[in-house]
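Here the structure is laid out as structure tokens; the discussion comes afterwards.
The values are calculated or read from the model by the stated rules, or taken from the named source; none is laboratory data. This is a predicted model, so every value here is computed, not measured. Ideal geometry is used to build each Cβ from the backbone, glycine not excepted, and the neighbour counts take in all protein chains shown.
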Amino acid sequence: MWRDLLPVGRDSGTGGYRRYAWTPADADCRAWFRDQAAARALTYEVDRNGNQWAWLGDPAAGDAVVTGSHLDSVPDGGAFDGPLGVISSFAALDELRARGATPTRPLAIVNFTDEEGARFGVACAGSRLTAGRLTPEHARQLRDADGVTLAAAMEKAGQDPEAIGADPERLARIGAFVELHVEQGRALDLSGDAVGVASAIWPHGRWRFDFAGEANHAGTTRLDDRRDPMLTYANTVLAARKKARLAGALATFGKVAVEPNGVNAIASLVRGWLDSRAADEATLADLVAAIEQAATERGARDGVAVTVVRESFTPVVEFAHDLRDRLTALLGGAATVPVLPTGAGHDAGILAAAVPTAMLFVRNPTGVSHSPAESAAEDDCVAGVTALADVLEGLACS
Ligand code: GLV
Ligand code: MN
Ligand code: MN
């Protein structure tokens, strides 16, 4: 499975993946998923939001055990974030069959579309739509950097954008969702464990900061006459870092767009995207408000107007305690399996409000993620598959 998927959407220059939703690379990933389902004689379907499902057993029977993750990537992402969960799901199903385990509940593998939100800005768009946490009207008009709407991109890829929306009937069929994911930190490396169970996801969100100044000549405009939004932006980046450190939280400006983006012109507009996360929602709200205030105050000095739009938000997720404890017990008990929180967002976090949900993490020896350097050892990946098979067998088989 890795051999087939590894070249798809990989940039030969950076070695990173560019598998953005509804692009040809995404279509290749989706074709791979469909082929994996067919090779195992699973019932394949695409739901109204473009998420792919592969079923063993009758979906309509209800109380299904679902596992899976996503196949899209961030810009120049690593090989494991998402695909490890999908590949492990198919491999765990193979393992169950090899063990001769007989499912007494329907089992499904899912590929949630557009988890990273790299192209249209909203993370977990596929699961959010399904859970009714993103309205179809809002989703359809989201635009990528070239101005292409999500609706147009879906249509081009053969998916009907008019059909998207909440899917409570589908969610009602799921009795448990378990997502396996490469760890995006070093907790397991530090504890010396190959696999862990998730306890919670920090609340997190994305905010777009528009800094509007005035374009002018870089060689002739006196410093005192400038309204330079780059200056306000730069100060905001520094303020965000300082305030995040003071709050014990995280704030990152990782994406920026500049207009007109000329080397010899003062910018007219700088647009920066803030990703911020904290252990609790009050800390996060206070931190973002403080960053916005710092930006506005600095903007007033620079003659730059600052506007802030929240583009997405995910409240704190506390995974279902019963299911978490069941997973821990199936994997040998709390003394052998660490239970840990994460600052990374996942479709599991979106589903958790509607369905009992749990996650397994596989050790990442460097902790690096959202980068081509992301890694996991083969033995640990195999341990992840075994753990997922143990969990699926315990939950869904007689
Ligand atoms: C998803 O990977 C996120 O946490 O941004
Ligand atoms: Mn990710
Ligand atoms: Mn992921």
*Restricting the search to segment 286-306, which residues are buried (at least 19 other Cβ atoms within 10 Å of the Cβ) and over 26 Å from the mean Cα position of the chain (by Cα)?*
Ala294, Ala295, Arg298, Gly299, Asp302, Val304, Val306
*Go through segment 319-371 and give me each residue that's within 13 Å of ligand 2 (Cβ to nearest atom), in a helix (DSSP H, G or I) and either closer than 23 Å to Gly248 by Cα or over 14 Å from the mean Cα position of the chain (by Cα) (or both).*
Gly349
*Name the residues in segment 1-56 that are free of Cβ contacts under 8 Å to residues at least 40 places away in the same chain, more than 23 Å from Ala396 (Cα to Cα) and either of a type in the set (Ser, Thr, Tyr) or touching a Cys at 6+ places or on another chain (Cβ under 7 Å) (or both), would you?*
Val8, Ser12
*How many of the residues making up segment 15-52 are among the β-branched types (Val, Ile, Thr) and either outside any loop (DSSP other than H, G, I, E, B) or surrounded by fewer than 16 Cβ atoms within 10 Å (Cβ to Cβ) (or both)?*
2
_Residue among Ser89, Ser127 that is touching a residue at least 12 places away in the same chain (Cβ under 8 Å) and within 14 Å of the chain's Cα centre (by Cα)_ = Ser127
*Within segment 295-318, can you find the residues that are touching a Lys or Arg at 6+ places or on another chain (Cβ under 7 Å), small (Gly, Ala, Ser) and away from ligand 2 (no atom under 16 Å from the Cβ)?*
Gly303
*asked:* I'd like the full set of residues that are touching a Ser or Thr at 6+ places or on another chain (Cβ under 9 Å) and either within 30 Å of Thr386 (Cβ to Cβ) or crowded, with 24+ Cβ neighbours inside 10 Å (or both), limited to segment 233-249.
replied: Ala240
*Hey, any hits in segment 124-139 for a residue that's among the aliphatic types (A, V, I, L, M), crowded, with 17+ Cβ neighbours inside 10 Å and within 16 Å of ligand 2 (Cβ to nearest atom)?*
yes
_Residues that are surrounded by 19 or more Cβ atoms within 10 Å (Cβ to Cβ) and in contact with a helix residue (DSSP H, G or I) (Cβ under 8 Å, 6 or more places away or on another chain), drawn from segment 140-160_ = Leu142, Leu150, Ala151, Met154
_Criterion: of a type in the set (Val, Ile, Thr), closer than 24 Å to Ala79 by Cα and surrounded by fewer than 17 Cβ atoms within 10 Å (Cβ to Cβ) - qualifying residue of Val339, Val309, Val382_ = Val382
*When you go through Arg170, Arg208, Arg226, Arg222 one by one, which is the residue that is closer than 30 Å to Thr67 by Cβ and either more than 19 Å from the chain's Cα centre (by Cα) or modelled with pLDDT of 95 or more (or both)?*
Arg170
*Please find, among Gly303, Gly343, the residue that is touching a residue at least 12 places away in the same chain (Cβ under 8 Å) and within 15 Å of ligand 1 (Cβ to nearest atom).*
Gly343
*Might you check whether a residue that is farther than 25 Å from Ala249 by Cα, touching a residue at least 12 places away in the same chain (Cβ under 8 Å), among the small types (Gly, Ala, Ser) and outside any loop (DSSP other than H, G, I, E, B) occurs anywhere in segment 375-386?*
yes
*Do we find a residue being touching a Gly at 6+ places or on another chain (Cβ under 8 Å) and assigned to a strand (DSSP E or B) anywhere in segment 118-141?*
no
*Residues in segment 67-80: is at least one β-branched (Val, Ile, Thr), within 23 Å of Glu183 (Cα to Cα), surrounded by 15 or more Cβ atoms within 10 Å (Cβ to Cβ) and touching a His at 6+ places or on another chain (Cβ under 9 Å)?*
yes
*Collect the residues in segment 92-112 that are modelled with pLDDT of 95 or more and either within 14 Å of ligand 1 (Cβ to nearest atom) or surrounded by fewer than 22 Cβ atoms within 10 Å (Cβ to Cβ) (or both), keeping them in residue-number order.*
Asp94, Glu95, Leu96, Arg97, Ala98, Arg99, Gly100, Ala101, Pro103, Thr104, Arg105, Phe112
*Keeping to segment 265-300, report how many residues are touching an Asp or Glu at 6+ places or on another chain (Cβ under 9 Å) and without any contact (Cβ under 8 Å) to a residue 40 or more places away in the chain.*
0
